[in-house]
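S.K.: Please see the structure below; I have some questions.
The values are calculated or read from the model by the stated rules, or taken from the named source; none is laboratory data. Only a predicted model underlies this, so the values are computations on that prediction, with no experimental measurement involved. Positions of Cβ are generated from backbone atoms using ideal geometry, with glycine treated the same way; all protein chains shown enter the neighbour counts. Side chains included, ligands, DNA and RNA excluded: accessible areas come from the protein's heavy atoms. Shrake-Rupley method; radii C 1.70, N 1.55, O 1.52, S 1.80 Å.
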Amino acid sequence: MTRLSLPLHHALMLCATIALLFAAIVYAVYAANLIAFPYDYDQGEGFEVQDTALLSQFKLPYLDTETYPFYSSNYPPLFHMLAAPFVWVFGPAYWYGRLLGFAASLLIAAVIAHAVYRDGQQNRWIALLAGLAFLSSNFVYHIGPLFRQHIAMVAFETLAVVMLARAFPRGDKRGITLALFFLLCAGYTKQLAAITALAAIIWMFLRGPRRGLICTAGFGLAGGLVFLWLTLASGGHWWTQAIVANVNDFLYDQAVGLFRLWFGLHGFLLVPATLLVMVELYADRLSIYSIWFVATAGLGGAAAGTWGAGDSYLVTSIAAACILSGVFFSKMLANAWTPSRILQVLPLARIASMSLLLVPALYLGYARATLKMPTIGEFAALAELLGIERNVAFHTRPDEPDFYDSATWTAGGYARIGYLLTEADHAAGAQIVARIQQSDKPALSEDAGFSIAAGRDVVTNPTQLRNLHLAGQFAGDELTRMIEDQAFGLIILRAQFFPPHILEAMGQAYVHNETLFMNGFDYLLLFPRPGYESRFAS
């Protein structure tokens with residue numbers, strides 16, 4: 001180790017900290033901007049609000065889609081149950097669900113930092129950088145401050161895994177029970193948590209087959225009882241809406257594109273994480289973090305390729321990678337490896353010396369790889385200094401938002417969001433609400449938030465109808481009749497996710513008279529077609 005190595009290490013670590021703290025600041029600015037927006041930002045948020053509103057009335061959101069209002073949810077209820085008390089005080093709104101999501105992402109970062117400090121070499125600086133690295137991910141940035149249940153699922157998963165890593169080997173019954181409870185919470189927040197549950201069960205069997213079998217049996221019994229209750233309480237609709245309707249087509253190009261993007265953005269952490277997995281496999285024993293990482297990267301990445309999925313399905317693997325890479329970096333810096341024949345042949349002292357520069361350099365590289373920020377306002381001068389310009393375009397228009405994203409929005413399934421909303425977006429949303437209020441009839445909208453703001457019924461969930469239609473579980477006769485009878489004062493389309501025969505009925509009975517641009521999308525406003533005569537008219 002040269003005389004300059006340690007001061008240079010500290011200088012580079014400080015630079016890495018500043019870079020990742022800047023990413024956290026951008027994330028907080030984005031979250032604050034989004035929390036203030038009273039309409040859908042990510043498609044489907046409004047239906048999460050509606051699920052929460054129904055649960056606040058002690059009603060399950062798993063309903064019969066063949067009868068008015070043709071509404072049902074395809075997600076487990078826990079996240080919406082956590083948000084339901086806010087409805088009692090503030091009514092249906094987006095801000096508290098987004099605030100809960102943002103808080104969940106901060107909790108995950110804190111748990112990651114704790115795990116790296118506890119299971120690494122108690123290196124506070126590396127623990128801090130590992131937590132900040134999670135918040136810097138483009139995928140986390142997307143999903144964190146939304147009124148969506150996914151980030152809450154990751155929070156429960158991370159709590160469960162980090163707690164189980166210490167409690168299970170020690171035979172700490174209370175700790176194991178609490179960890180499995182969090183894992184159960186993850187599963188009833190979103191079904192994707194089954195991958196983490198599988199990883200945890202495999203690891204428990206490897207570490208203690210008898211104890212693992214007992215824990216798995218108890219966990220399965222508890223989960224099965226909840227599942228049975230939901231099925232019975234919903235009259236069987238829980239099974240149809242949350243299980244059958246979630247079997248979607250696999251899109252190979254989307255899966256491959258997201259895998260490439262996942263590695264391109266996070267490779268500075270994924271490679272060290274993979275190296276630690278290999279070290280554990282060949283020279284130590286596999287930790288729960290390694291099995292978790294491999295399972296969520298492989299199976300979660302495959303699930304990301306299904307229709308309706310996206311980059312958020314890889315967020316759990318990023319949490320695992322942040323822990324593994326942090327532990328790996330801590331051990332490199334401390335030269336704290338378990339003796340083995342494989343490791344003894346490596347020049348570990350030289351590696352430890354090199355790591356003083358390598359570790360902060362990797363975190364700096366990661367900060368640059370995941371850079372995203374507005375390019376106007378307070379950020380304009382910094383964007384010019386960094387030499388970056390806006391590089392993304394909206395979904396339906398050639399306009400470019402004043403935003404830079406290192407991912408460039410090119411991969412299919414990557415959420416094309418992250419830019420800040422403007423006064424024009426607020427005004428456009430208010431205009432759509434005003435159009436709904438011009439009629440006493442309900443509106444049929446692909447974004448539920450407009451109907452909620454207008455004080456009208458939330459009618460149906462188009463993506464759910466699409467999935468049910470493809471599964472042969474939706475006929476839609478009553479909805480078709482209402483459309484042809486022009487029972488809706490306005491139809492609002494954003495992505496035209498309705499089943500084909502429903503869209504066809506809309507095209508016959510309604511006419512597209514107006515388009516309003518909001519949140520990167522063209523919203524098509526369809527009004528009753530004058531002189532149209534329904535085939536159901538007597």
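S.K.: For Gln57, are the conditions met, namely being surrounded by fewer than 16 Cβ atoms within 10 Å (Cβ to Cβ), at negative phi, among the polar types (S, T, N, Q) and at pLDDT 95 or above? Talk me through it step by step, then tell me what you get.
M.R.: Details: surrounded by fewer than 16 Cβ atoms within 10 Å (Cβ to Cβ): yes; at negative phi: yes; among the polar types (S, T, N, Q): yes; at pLDDT 95 or above: yes.
Yes: the conditions hold for Gln57.
S.K.: Identify, from the list Asp64, Asp51, the residue that is touching a Ser or Thr at 6+ places or on another chain (Cβ under 9 Å), open to solvent by 20 Å² or more (accessible area, probe 1.4 Å) and not assigned by TED's automatic domain parsing to the domain that holds Gln464. Lay out the reasoning, then the answer.
M.R.: Working: Asp51 fails: open to solvent by 20 Å² or more (accessible area, probe 1.4 Å).
Testing whether each residue is touching a Ser or Thr at 6+ places or on another chain (Cβ under 9 Å), open to solvent by 20 Å² or more (accessible area, probe 1.4 Å) and not assigned by TED's automatic domain parsing to the domain that holds Gln464 leaves just Asp64.
S.K.: Being open to solvent by 10 Å² or more (accessible area, probe 1.4 Å) and hydroxyl-bearing (Ser, Thr, Tyr) is the filter; apply it to the stretch 67-92 and report the residue that is farthest from Leu444 (Cα to Cα).
M.R.: Tyr75
S.K.: Also, I was wondering about something else. Being in contact with a strand residue (DSSP E or B) (Cβ under 8 Å, 6 or more places away or on another chain), open to solvent by 50 Å² or more (accessible area, probe 1.4 Å) and touching a residue at least 12 places away in the same chain (Cβ under 8 Å) is the requirement here; does Arg390 meet it?
M.R.: So Arg390 passes the test.
S.K.: A follow-up question, please. Check off (1) more than 19 Å from Phe450 (Cα to Cα); (2) in contact with a Leu (Cβ under 9 Å, 6 or more places away or on another chain); (3) not in a helix (DSSP H, G or I) for Tyr75 and give me the number that stays unchecked.
M.R.: (2)
S.K.: Is it fair to say Pro442 is under 14 Å from Phe527 (Cα atoms), of a type outside the set (A, V, I, L, M, F, W, C) and in contact with an Asp or Glu (Cβ under 6 Å, 6 or more places away or on another chain)? Even if it seems obvious, please write down each step before you answer.
M.R.: Working: under 14 Å from Phe527 (Cα atoms): yes; of a type outside the set (A, V, I, L, M, F, W, C): yes; in contact with an Asp or Glu (Cβ under 6 Å, 6 or more places away or on another chain): yes.
Criteria met by Pro442.
S.K.: Same structure, new question: Condition (residue is within 13 Å of Leu129 (Cβ to Cβ) and modelled with pLDDT under 95) applied to the stretch 306-318: is it met by at least one residue? Before the answer, list the steps.
M.R.: Initially, the stretch 306-318 is screened for residues within 13 Å of Leu129 (Cβ to Cβ), giving none.
No: the stretch 306-318 contains no residue that is within 13 Å of Leu129 (Cβ to Cβ) and modelled with pLDDT under 95.
S.K.: So which residues in the stretch 4-53 are outside any helix (DSSP H, G or I), closer than 19 Å to Ser105 by Cα and of a type in the set (Asp, Glu)?
M.R.: Taking the stretch 4-53 as the starting set, the residues that turn out to be outside any helix (DSSP H, G or I) are 4, 36-44.
Adding the requirement that they be closer than 19 Å to Ser105 by Cα leaves 36, 41-42.
Across the stretch 4-53, the qualifying residue is only Asp42.
S.K.: Which one of these does Leu275 not meet: (1) in contact with a strand residue (DSSP E or B) (Cβ under 7 Å, 6 or more places away or on another chain); (2) over 21 Å from Gln149 (Cβ atoms)?
M.R.: If we test Leu275 against (1) in contact with a strand residue (DSSP E or B) (Cβ under 7 Å, 6 or more places away or on another chain); (2) over 21 Å from Gln149 (Cβ atoms), just (1) comes out false.
S.K.: A further question follows. Considering only helices (runs of 4 or more DSSP H) fully contained in the stretch 93-146, which possess at least 1 residues that are open to solvent by 10 Å² or more (accessible area, probe 1.4 Å) and more than 21 Å from Tyr41 (Cβ to Cβ)? Spell out how you get there, then give the answer.
M.R.: On the way: elements: 95-119, 124-136, 138-143.
Output list reads 95-119, 124-136.
S.K.: Return yes or no: is Ala407 within 30 Å of Pro462 (Cβ to Cβ) and either in contact (Cβ under 8 Å) with a residue 40 or more places away in the chain or in a loop (DSSP other than H, G, I, E, B) (or both)?
M.R.: Working: within 30 Å of Pro462 (Cβ to Cβ): yes; either in contact (Cβ under 8 Å) with a residue 40 or more places away in the chain or in a loop (DSSP other than H, G, I, E, B) (or both): yes.
Here the answer is yes, as Ala407 does meet what is asked.
S.K.: Starting from the stretch 358-369, keep only residues that are surrounded by fewer than 24 Cβ atoms within 10 Å (Cβ to Cβ), then list their pairs with residues that are not in a helix (DSSP H, G or I) whose Cβ atoms are within a distance under 7 Å, requiring at least 6 positions of separation or different chains.
M.R.: The qualifying pairs are Ala369/Ser406.
S.K.: While we're on this one: Give the residues of the stretch 237-250 that are out of contact with any strand residue (DSSP E or B) (no Cβ under 7 Å at 6 or more places or on another chain) and surrounded by 13 or more Cβ atoms within 10 Å (Cβ to Cβ), sorted by residue number.
M.R.: Of everything in the stretch 237-250, those that are out of contact with any strand residue (DSSP E or B) (no Cβ under 7 Å at 6 or more places or on another chain) and surrounded by 13 or more Cβ atoms within 10 Å (Cβ to Cβ) turn out to be His237, Trp238, Trp239, Thr240, Gln241, Ala242, Ile243, Val244, Ala245, Asn246.
S.K.: Can you name the residue in the stretch 219-234 that is farther than 15 Å from Ala194 by Cβ, touching a residue at least 40 places away in the same chain (Cβ under 8 Å) and assigned to a helix (DSSP H, G or I) and, of all such residues, is least open to solvent (accessible area, probe 1.4 Å)? Walk me through it before giving the result.
M.R.: Step one: of the stretch 219-234, the residues farther than 15 Å from Ala194 by Cβ are 221, 225, 228-234.
Narrowing the set further to residues that are touching a residue at least 40 places away in the same chain (Cβ under 8 Å) leaves 230, 233-234.
Within this subset, residues satisfying the condition of being assigned to a helix (DSSP H, G or I) are 230, 233.
On the way: Leu230: 2, Ala233: 58 Å².
In this case the residue turns out to be Leu230.
S.K.: Right, something else. Inside the stretch 251-273, can you point out the residues that are of a type in the set (S, T, N, Q) and surrounded by fewer than 18 Cβ atoms within 10 Å (Cβ to Cβ)? It would help to see each step written out before you state the result.
M.R.: As a first pass, look at the stretch 251-273 and keep what is of a type in the set (S, T, N, Q): 254.
Matches in the stretch 251-273: none.
S.K.: Among the listed residues Ala424, Ala434, identify the single one that is part of a helix (DSSP H, G or I) and either among the acidic types (Asp, Glu) or closer than 15 Å to Asn33 by Cα (or both).
M.R.: On the way: Ala434 fails: either among the acidic types (Asp, Glu) or closer than 15 Å to Asn33 by Cα (or both).
On inspection, the qualifying residue turns out to be Ala424.
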